[in-house]
1. Ile33: of a type outside the set (Phe, Trp, Tyr), assigned to a helix (DSSP H, G or I), in contact with a Phe, Trp or Tyr (Cβ under 8 Å, 6 or more places away or on another chain) and crowded, with 16+ Cβ neighbours inside 10 Å, yes or no?
2. Would you mind stating whether Ala15 is of a type in the set (Gly, Ala, Ser), in contact (Cβ under 8 Å) with a residue 12 or more places away in the chain, exposed (fewer than 15 other Cβ atoms within 10 Å of the Cβ) and assigned to a helix (DSSP H, G or I)?
3. Condition (residue is closer than 15 Å to Thr4 by Cβ and aliphatic (A, V, I, L, M)) applied to the range 66-89: is it met by at least one residue?
4. What tally of residues in the range 68-85 results from selecting those that are touching a helix residue (DSSP H, G or I) at 6+ places or on another chain (Cβ under 6 Å) and closer than 18 Å to Arg17 by Cβ?
5. Test each condition in (1) over 29 Å from Gly20 (Cβ atoms); (2) modelled with pLDDT of 85 or more; (3) touching a Lys or Arg at 6+ places or on another chain (Cβ under 9 Å) for Gly88 and report the one that comes out false.
6. Cβ contacts < 7 Å: first residue more than 26 Å from Phe13 (Cβ to Cβ) and among the aromatic types (Phe, Trp, Tyr), restricted to the range 32-58; second residue surrounded by 13 or more Cβ atoms within 10 Å (Cβ to Cβ) and at pLDDT 80 or above, any location; separation 6+ or different chain. Result?
7. Residue check, Val44 against (1) at pLDDT below 90; (2) under 10 Å from the mean Cα position of the chain (by Cα); (3) of a type outside the set (Asp, Glu), all met but one. Which one?
Amino acid sequence: MLATSLLASAGAFAAARAVGSPTTPALQISGLIFAVSLLGLLPVLVRSAETFGLAVLGASVARLLLAMFAALVLTQVGSFEARPVWLGVVTGAGLMLLVESVAAITILLSIERKKAGHPGAESSSTC
């Protein structure tokens with residue numbers, strides 16, 4: 001998650017700079033994405049395998065809502081230009097979502113393969 005947070009922050013910085021944002025606001029947008037991406041670490045605190053998926057989903061939604069709220073505050077209350085802020089936030093949050101989704105699919109496929117390899121274990125793809 002830490003590597004993904006850094007990747008998303010770099011993507012947010014690059015997107016903001018690509019549309020003409022000065023370096024300082026682009027760094028602040030990058031820092032914002034890094035800070036909200038740390039919410040992705042919260043599901044580690046969940047001990048129950050049954051509720052882990054819901055915790056990941058909740059952390060993803062919380063991260064997205066917090067990033068959007070912060071972007072709204074930066075553009076409406078702060079003196080930030082809207083285009084670089086929103087493009088940076090969407091790029092950073094999108095990268096986080098993409099990596100998180102690929103990781104979830106990989107983990108779930110691994111679990112299904114392990115279940116299929118053991119006799120008597122039911123696969124979620126069978127009815």
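The values are calculated or read from the model by the stated rules, or taken from the named source; none is laboratory data. Owing to the predicted nature of the structure, the values given are computational and were not obtained by experimental measurement. Cβ coordinates were reconstructed from backbone atoms using ideal geometry, including for glycine residues, and neighbour counts include every protein chain displayed.
1. In short, no.
2. No; evaluated as a whole, the condition is false for this residue.
3. yes
4. So the count comes out to 7.
5. Gly88 satisfies all of (1) over 29 Å from Gly20 (Cβ atoms); (2) modelled with pLDDT of 85 or more; (3) touching a Lys or Arg at 6+ places or on another chain (Cβ under 9 Å) except (1).
6. Every condition considered, the pairs that remain are Phe52/Pro43; Phe52/Val46.
7. Of the numbered conditions (1) at pLDDT below 90; (2) under 10 Å from the mean Cα position of the chain (by Cα); (3) of a type outside the set (Asp, Glu), the odd one out for Val44 is (2).
Residue-by-condition table, conditions (1) of a type outside the set (Gly, Ala, Ser); (2) more than 10 Å from the chain's Cα centre (by Cα):
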site: Pro22; (1), (2): yes, yes
site: Gln28; (1), (2): yes, yes
site: Ser37; (1), (2): no, no
site: Gly40; (1), (2): no, no
site: Glu50; (1), (2): yes, yes
site: Gly53; (1), (2): no, yes
site: Ala59; (1), (2): no, no
site: Val77; (1), (2): yes, yes
site: Val99; (1), (2): yes, no
